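The structure under discussion appears below in the form of structure tokens.
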Amino acid sequence: MNISFGANLKALRKKAGYTRKELSEKIAYSEKSIEKWELGSSIPPILTVCKIAEIFGVTLDTLVCSQKTEIKYLLGIDGGGTKTEFLLTDLNRNKKERLVLGASNPIDIGIENCKSLLEQGIMQICSGIDMMEISMFAGLAGGISGENQKILNKFFSRFGFGAYSNGSDTENALETALKGEDGIAVIMGTGIIAFAQKNGKRKRIGGWGYLMDKGGSGYNLGADALSCAFKSLDGRGGSDFMRELIEKQIGKPLEKAIPDIYNNKGKAFIASFAKIVFEAYENGDSFACEIIDKNMREVADIISAGYDFLKNKNIKTVICGGLSNEAEILKPILNKYIEKNICIEFSKEPIINGAVSLAGGLINA
């Protein structure tokens, strides 16, 4: 038992990224004691064993026994600028638990707030399950910018997952849309980004942020709706109908909403007005028609750049993300600006499924 405990302790400690000194400070023992335990020379009292199991998020059996824990669950995390979705399934992708929390983009909310939200979601959805039985993949917007991927990887290591990895939310979307095949995936959510994929090589188009990307995202549609509403307020044309809808949504006159718009409510707040464009469109608002038309011209331009890279217009193009749910409105307008021999698919499959699939791919990788 001493040898099994020592080997398990060492493996869990290294996986979590702890030095012996860091672990010793958490359990009020010396580094020398931890070294003896890992060598199998001795084993600590049961209360200390329990505390160590709690630190690493594993059961006593996992910590003490010699058998290797079998992975039984897949956990996918899809984090964006508006929401973060957690999906726990069995190995056959049958849903066990689903949880949706707020935005987790560390660029928008800060890395510590991002980690806090992720920890809340993981602990809630994995409650009662040995973390060693879970393979986890987290694809997060802003998750690979700067040092974020390295920081978040160390953060995830502390949970004691049987297998884990992390990257960008685009990984989730590409897996959902293309499933490893060649083609173009256009991700239209709070932001917009596209990837043309051919023979394992990818070309990125767009996704450079709200200052550079000028159409095709929830943010762009929401910003256009606000601009149109303020023109109505000024008496410079614009849509009275959208102005009324926006004022109803925010619960105050438009001229009093400036602090809400500019005072750190973020891109998700602006993107929340995108739905107003579609409601106005369905009510025959000409300004809403112009907004959607303008945004779809931008998407068509992005797709065209993808085909210039692929050199093959018979390869599929898939649009996914939150705005894909508006396919009935967007598809015929987009098709006006796309060559007739190009087929555009709108996928309504949840992008979180891609994260779960990538978690499955980590087993025995």
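Residue check: Ile329 meets all listed conditions (1) modelled with pLDDT of 95 or more; (2) under 30 Å from Gly167 (Cα atoms) but one, namely (2).
Of all residues in segment 104-144 being among the charged types (D, E, K, R) and more than 13 Å from Ile77 (Cα to Cα), which is modelled with the lowest pLDDT? Give the steps one after another, and end with the answer.
The first filter runs over segment 104-144 and keeps only residues among the charged types (D, E, K, R), leaving 108, 112, 115, 119, 130, 133.
Retained after the next criterion (residues that are more than 13 Å from Ile77 (Cα to Cα)): 108, 112, 130, 133.
Working: Asp108: 88, Glu112: 96, Asp130: 84, Glu133: 91.
The selected residue is Asp130.
Here Thr89 qualifies as part of a strand (DSSP E or B) and closer than 21 Å to Ser127 by Cα.
Could you tell me which residue of segment 264-275 is surrounded by the most Cβ atoms within 10 Å (Cβ to Cβ), considering only residues that are among the small types (Gly, Ala, Ser) and over 22 Å from Asp240 (Cβ atoms)? So that I can check it myself, show each step before the final result.
Of segment 264-275, the ones among the small types (Gly, Ala, Ser) are 266, 268, 271-272, 274.
Next, only the ones that are over 22 Å from Asp240 (Cβ atoms) stay: 266, 268, 271.
Values: Gly266: 15, Ala268: 20, Ala271: 25.
Across segment 264-275, the extreme among qualifying residues is Ala271.
Restricting to segment 290-349, what's the tally of residues that are free of Cβ contacts under 8 Å to residues at least 60 places away in the same chain and small (Gly, Ala, Ser)? Here the count works out to 3.
Here is the figure for segment 79-107: residues that are farther than 17 Å from Gly167 by Cα and either touching a residue at least 12 places away in the same chain (Cβ under 8 Å) or basic (Lys, Arg) (or both) total 14.
Filter segment 65-96 down to residues that are buried (at least 18 other Cβ atoms within 10 Å of the Cβ) and hydrophobic (A, V, I, L, M, F, W, C) and give me whichever is farthest from Asp108 (Cα to Cα).
The first filter runs over segment 65-96 and keeps only residues buried (at least 18 other Cβ atoms within 10 Å of the Cβ), leaving 69, 71, 73-82, 84-89.
Restricting the remaining residues to those that are hydrophobic (A, V, I, L, M, F, W, C) gives 71, 74-75, 77, 86-88.
Numbers: Ile71: 34, Leu74: 28, Leu75: 24, Ile77: 18, Phe86: 19, Leu87: 23, Leu88: 26 Å.
Looking at residues that are buried (at least 18 other Cβ atoms within 10 Å of the Cβ) and hydrophobic (A, V, I, L, M, F, W, C), I get Ile71.
Listed here are the residues, each with its yes/no results for (1) assigned by TED's automatic domain parsing to the domain that holds Thr82; (2) touching a helix residue (DSSP H, G or I) at 6+ places or on another chain (Cβ under 7 Å); (3) closer than 30 Å to Ile342 by Cβ; (4) of a type in the set (A, V, I, L, M, F, W, C).
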position	(1), (2), (3), (4)
Asp240	no, yes, no, no
Asn263	no, no, no, no
Gly266	no, yes, no, no
Ile270	no, yes, no, yes
Val277	no, yes, yes, yes
Asp293	no, yes, yes, no
Ala305	no, no, yes, yes
Leu323	no, yes, yes, yes
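Could you pull out every one of the strands (runs of 3 or more DSSP E) wholly within segment 114-212 that has 2 or more residues that are surrounded by 23 or more Cβ atoms within 10 Å (Cβ to Cβ)?
Values: elements: 134-140, 163-168, 183-188, 192-198, 201-206.
Strands (runs of 3 or more DSSP E) meeting the threshold: 134-140, 183-188, 192-198.
For (1) more than 26 Å from Leu140 (Cβ to Cβ); (2) touching a residue at least 40 places away in the same chain (Cβ under 8 Å); (3) of a type in the set (Gly, Ala, Ser), each residue gets a yes or a no:
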site	(1), (2), (3)
Asn8	yes, yes, no
Ala16	no, yes, yes
Ser33	yes, no, yes
Trp37	yes, no, no
Ile52	yes, yes, no
Glu70	yes, yes, no
Leu74	no, yes, no
Ile77	no, yes, no
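Restricting segment 20-60 to residues that are surrounded by 15 or more Cβ atoms within 10 Å (Cβ to Cβ) and either touching a Gly at 6+ places or on another chain (Cβ under 7 Å) or assigned by TED's automatic domain parsing to the domain that holds Gly128 (or both), the residue that is farthest from Phe159 (Cα to Cα) is Gly40.
Residue count for segment 276-297, restricted to those that are in a helix (DSSP H, G or I) and surrounded by 18 or more Cβ atoms within 10 Å (Cβ to Cβ): 11.
May I ask you to list the residues in segment 27-49 that are in contact with a Lys or Arg (Cβ under 8 Å, 6 or more places away or on another chain) and assigned to a helix (DSSP H, G or I)?
Once the filter is applied, which keeps residues that are in contact with a Lys or Arg (Cβ under 8 Å, 6 or more places away or on another chain) and assigned to a helix (DSSP H, G or I), segment 27-49 yields Ile27, Glu31, Ile34, Glu35, Glu38.
Quick one: in segment 230-253, which of the residues that are touching a Lys or Arg at 6+ places or on another chain (Cβ under 6 Å) and part of a loop (DSSP other than H, G, I, E, B) is surrounded by the most Cβ atoms within 10 Å (Cβ to Cβ)?
Let us first name the residues in segment 230-253 that are touching a Lys or Arg at 6+ places or on another chain (Cβ under 6 Å), namely 232, 237-238.
Going one step further and asking which of them are part of a loop (DSSP other than H, G, I, E, B), we end up with 237-238.
Values: Gly237: 10, Gly238: 17.
Looking at the filtered set, the residue picked out is Gly238.
Looking across segment 146-162 at every residue that is modelled with pLDDT of 90 or more and of a type outside the set (D, E, K, R), the one that is nearest to Ile109 (Cα to Cα) is identified as Asn148.
The values are calculated or read from the model by the stated rules, or taken from the named source; none is laboratory data. Bear in mind that the values here come from a model prediction, so they are computed numbers and not experimental data. Cβ atoms come from the backbone with ideal geometry, glycine included; neighbour counts cover every protein chain shown.
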